[in-house]
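See structure below.
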Amino acid sequence: MFSGLFCVVMKPSSAKIYRGTPRNLAFLASRLRFGEVVAVPSETVYGLAGNAFDPAACAKIFRAKGRPADDPLIVHIHALKQLADICLPNDAALRLAREFWPGPLTLVLPKSPRIPDVVTAARDSVAVRMPSHRLFRRLLKLTNLPLAAPSANPFGYISPTTAAHVRAGLGTKIRYILDGGAASIGVESTIVDLRDPKRPALLRPGAIAVAGIEGALGKRLTLPRSGGSKRKPGGQIAPGLLARHYSPRTQLTLHANLAAVAKVAKKTSLRTQAFLFFARPMNLRGPNIFCLDPRGNPRRAARRLFAMLRKLDGMKFRRIHSERAPAVGIGRAINDRLERAAAR
Ligand code: TXA
Ligand code: MG
């Protein structure tokens, strides 16, 4: 009679969410200086931060995320004068920094010996970014340290754009989350490889579009092959740029003509499948029809992308069908994340 009755013992969340008051910021800065990890808001996605000069703190980041040790971290700074402690900047890097920092642009440059191997996965290059989020900047200033921070999600899952997302994913692994509201951009930073300034390369599309970077550099960028790279342990390609990433647990499939697929599904009343449109579709309504932004505004769609994928994942559909965004500007970043989420 009691078969079917299960008692699931869940580990309680140990993470506390802190508002960005001066007192809380001072406390969290002291935790970071002490070698603890703190989840922090940024304009792109939430990050899990630790002192970039402290190998033990950085090892905690990898443990909390379940991130493979060969996937290097981004180092965050608040002032250009910190750059020389992190990397060997070249003129091209300084030009992009002046144009786009603080903001959602990450530069890959030859690393300084001060950055420990755990941060760069023993590479001779390091990724560096100056974020624009007010509270993240306050924390960087208060610690007066460069902070290494990957996205604050379990490895491979959808990146967090709110403090609640961080707690849902890492709540049993970390203790401190700084709440800075919903991320205003919603997809991770654009990454540009500037190790060789004569051959700048785009490693990951983001809110800062290729055309703007090419304009500032006066040079074309080498673009990544679509579909992502295969995992090559110790290889030269950024492991976080794996074909499969940012993935909901529910299988996601991309379609060139989503409206046609949804109409067929409607006839056969396939309510177990969700349809995620870029803009609100004409003549299609129902509990399983969704859109990233009713008017198809690319910036608003990017802002909602990860929260929408999480929501659909939680609704236990058997499959999610989606379409691509128009492939311009931030639309390229949306498509990149959708393609990785759909990769099997
Ligand atoms: O917007 C962002 O970039 C967010 C916020 C928190 O700053 N961070 C973020 O970190 O997305 P993460 O770790 O999820 O993605 C960083 C990517 C990974 O794909 C990693 O492999 C790549 O940057 N990366 C880091 N260091 C690198 C390096 N030296 N060379 C090439 N790729 C690198
Ligand atoms: Mg990530």
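Bear in mind that the values in this text are calculations on the coordinates, not laboratory data. This is a predicted model, so every value here is computed, not measured. Cβ coordinates were reconstructed from backbone atoms using ideal geometry, including for glycine residues, and neighbour counts include every protein chain displayed.
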Quick one: which residues, 5+ away or cross-chain, put their amide H under 5 Å from the amide H of Gly47? H built at 1.01 Å from N.
Val40, Ser42, Ala152
Likely footprinting exposure, Leu107, Leu223, Leu32, fewest C-beta neighbours within 10 Å first
Leu223, Leu32, Leu107
I need the Debye-formula profile for the range 251-342: one equal scatterer per C-alpha, no solvent, reported as log10 I(q)/I(0) at q = 0.23 1/Å, two decimals.
-1.23
Contact order normalised by residue count of the chain, Cα under 8 Å, 6+ apart, percent:
19 percent
Picking from Asn283, Asn51, Asn257, which is most flexible by a Gaussian network model of the chain using Cα springs under 10 Å?
Asn283
List the residues whose amide H sits under 5 Å from the amide H of Phe277, counting only those 5 or more places along or on another chain, with H placed 1.01 Å from N in the peptide plane.
Phe290, Cys291, Leu292
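Restricting to DSSP H runs of at least four residues, report the calculated mean residue ellipticity at 222 nm for the chain, -39500 (n - 2.57) per run over all residues, nearest 500 deg cm²/dmol.
Details: 11 runs with 107 residues, N = 344.
Result for the chain: -9000 deg cm²/dmol, rounded to the nearest 500.
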Two pseudo-spin positions, 7 Å from Cα along C-beta at Leu284 and at Asp196, lie apart in nanometres by 4.5 nm
Shape of the chain, Cα gyration tensor, a/c cut at 1.5
oblate
Nearest-0.05 FRET efficiency for Ala327 and Ala259, computed from C-beta distance (R0 22 Å)
0.75
What number comes out for the charge environment of Glu36, summing +1 per Lys or Arg and -1 per Asp or Glu over other residues with Cβ under 11 Å away?
+3
When the chain is modelled as a GNM with alpha-carbon springs shorter than 10 Å, which of Arg303, Arg167, Arg23 fluctuates the most?
Arg23
Take the cross-link list Lys65/Lys311; Lys65/Lys263; Lys263/Lys316; Lys16/Lys316; Lys11/Lys81; Lys65/Lys316 and give me the ones stretching past 32 Å between alpha-carbons.
Lys65/Lys263; Lys11/Lys81
